[in-house]
Amino acid sequence: MRAWGFKANGGPEVFEWIERPTPQPGPGQVLIEVGHAGLNFAEVQHRRGEFGAPDGADGYDVPGLEVAGTIAAVGDGVGGLAVGDAVAAYLPSFGGYAEHVLAEAAFTRRTDGLPSAVAAGVPCVYPTAYGVLFDAARLTAGETVLIHAATGGVGSAAARVARLAGAAAVFGTVGSPGKQALAAELGYDALFRREDFGDVLLDATSGRGVDIVLDPVGGRVRRQSLDVLAPFGRVVVYGDLARDPDWTVDAWDLWKHNKSLAGYSIRDLSRRDPARLGDYLARALAELASGELRHERPTVAPVADVRDVHRRFEGGDTSGKTVFSFA
Ligand SMILES: NC(=O)c1ccc[n+]([C@@H]2O[C@H](COP(=O)([O-])OP(=O)(O)OC[C@H]3O[C@@H](n4cnc5c(N)ncnc54)[C@H](OP(=O)(O)O)[C@@H]3O)[C@@H](O)[C@H]2O)c1
């Protein structure tokens with residue numbers, strides 16, 4: 001089988017189309033023939049070396065956290081999944097940019113009629129959206145939410161999930177003014193420029209601020225997010241897009257102003273609460289297939305364009321979900 005991998009960290013040019021033996025599933029695993037693979041910011045970080053140097057057996061790392069495709073083989077002890085099933089899978093150990101990939105059955109669910117290109121963008125994105133909103137932020141109906149990097153994969157999914165959960169208002173921030181026009185299409189009450197969101201958000205909420213801020217950006221944006229919290233508001237930290245040096249949280253400030261800071265990591269969840277992750281994946285696929293959650297049409301790019309797509313994605317130029325096609 002073929003895969004897009006890299007044997008040295010660097011820019012998008014490090015990707016190579018490599019040949020590897022098709023793996024066989026071990027106990028608890030399935031082999032998936034990949035139809036589409038989701039593109040996530042984590043793969044940019046992986047390629048750059050933020051997860052360490054490549055250490056695959058052949059010297060290459062193959063990135064890719066989420067795929068949709070067809071089960072080609074089933075390992076011992078796997079129940080409820082069979083050869084030929086259309087499935088989507090979260091891949092905590094990467095490998096999705098490949099014609100075939102091994103997935104843990106615990107993180108593999110049938111897609112129930114959802115198109116493969118849509119399903120491929122679900123397994124990492126939606127459990128993250130549910131996790132940041134329901135587990136880390138403890139969202140309840142009637143609360144207000146601010147989402148940084150609002151038009152990206154996780155951001156736009158979280159906006160839809162928050163609406164479905166009964167959020168009273170959902171605001172977002174974006175890096176370029178052109179993206180503000182996407183507010184209505186993505187279901188936001190308003191999108192603000194990230195560079196000066198504080199005062200505008202306070203104006204929009206009559207000075208109260210919001211109950212929840214979702215922050216994958218960090219640095220200055222993270223610090224300012226604490227300043228726009230309503231009493232008992234929560235900032236959820238789940239990424240480091242800005243690569244700003246972090247600051248030391250002042251516990252005194254949290255205590256004296258009724259604020260909370262929470263964190264979310266899907267990787268940690270996959271190790272310590274795999275059942276919850278599997279349940280979230282099943283829930284997302286069901287809510288999307290039934291239409292309860294509206295799904296956007298993803299941007300589909302041939303996997304042969306991986307270098308160009310990574311280049312555009314890394315510059316923050318894209319919005320919504322992008323998936324690679326293996327057809
Ligand atoms: N902790 C977890 O478990 C978990 C799981 C999944 C994803 N994440 C994190 O969530 C974030 C979003 O991931 P995603 O895959 O959905 O990507 P994405 O949001 O589709 O892409 C990144 C978006 O973030 C914005 N952005 C803000 N600052 C940026 C910067 N310095 N460089 C590039 N883009 C920047 C860009 O739009 P604008 O600048 O216009 O806003 C861009 O569209 C990432 O930080 C990722 O690591 C964390």
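The values are calculated or read from the model by the stated rules, or taken from the named source; none is laboratory data. Please read these numbers as outputs of a predicted model, since none were measured by experiment. Note that each Cβ is placed from the backbone with ideal geometry, even for glycine, and that neighbours are counted across all protein chains shown. Each accessible area value is taken on the protein alone, full model and side chains, heavy atoms only, with ligands, DNA and RNA left out. Shrake-Rupley method; radii C 1.70, N 1.55, O 1.52, S 1.80 Å.
Quick look at the values:
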item	result
Residue within region 244-256 that is within 24 Å of Glu50 (Cβ to Cβ), away from the ligand (no atom under 14 Å from the Cβ) and in a helix (DSSP H, G or I) present	no
Residues located in region 166-178, provided they are over 20 Å from Lys321 (Cβ atoms) and assigned to a loop (DSSP other than H, G, I, E, B)	Gly166, Ala167, Ala168
Candidate set: region 290-325, residues that are in contact with a Gly (Cβ under 6 Å, 6 or more places away or on another chain) and either polar (S, T, N, Q) or under 19 Å from Glu66 (Cβ atoms) (or both); chosen: the one nearest to the ligand (Cβ to nearest atom)	Lys321
Val132 being hydrophobic (A, V, I, L, M, F, W, C), in contact with a helix residue (DSSP H, G or I) (Cβ under 8 Å, 6 or more places away or on another chain) and open to solvent by less than 30 Å² (accessible area, probe 1.4 Å)	yes
Residues within region 43-76 that are under 16 Å from the mean Cα position of the chain (by Cα) and open to solvent by 20 Å² or more (accessible area, probe 1.4 Å), tallied	1
Residue tally, condition open to solvent by 30 Å² or more (accessible area, probe 1.4 Å), in contact with a strand residue (DSSP E or B) (Cβ under 8 Å, 6 or more places away or on another chain) and either in a helix (DSSP H, G or I) or without any contact (Cβ under 8 Å) to a residue 12 or more places away in the chain (or both), over region 258-273	0
Residues located in region 230-243, provided they are in contact with a Leu (Cβ under 9 Å, 6 or more places away or on another chain), open to solvent by 20 Å² or more (accessible area, probe 1.4 Å) and assigned to a strand (DSSP E or B)	Arg234, Val237
Looking only at region 138-161, and only at residues there that are hydrophobic (A, V, I, L, M, F, W, C) and open to solvent by 10 Å² or more (accessible area, probe 1.4 Å), the one that is farthest from Gly38 (Cα to Cα)	Ala141
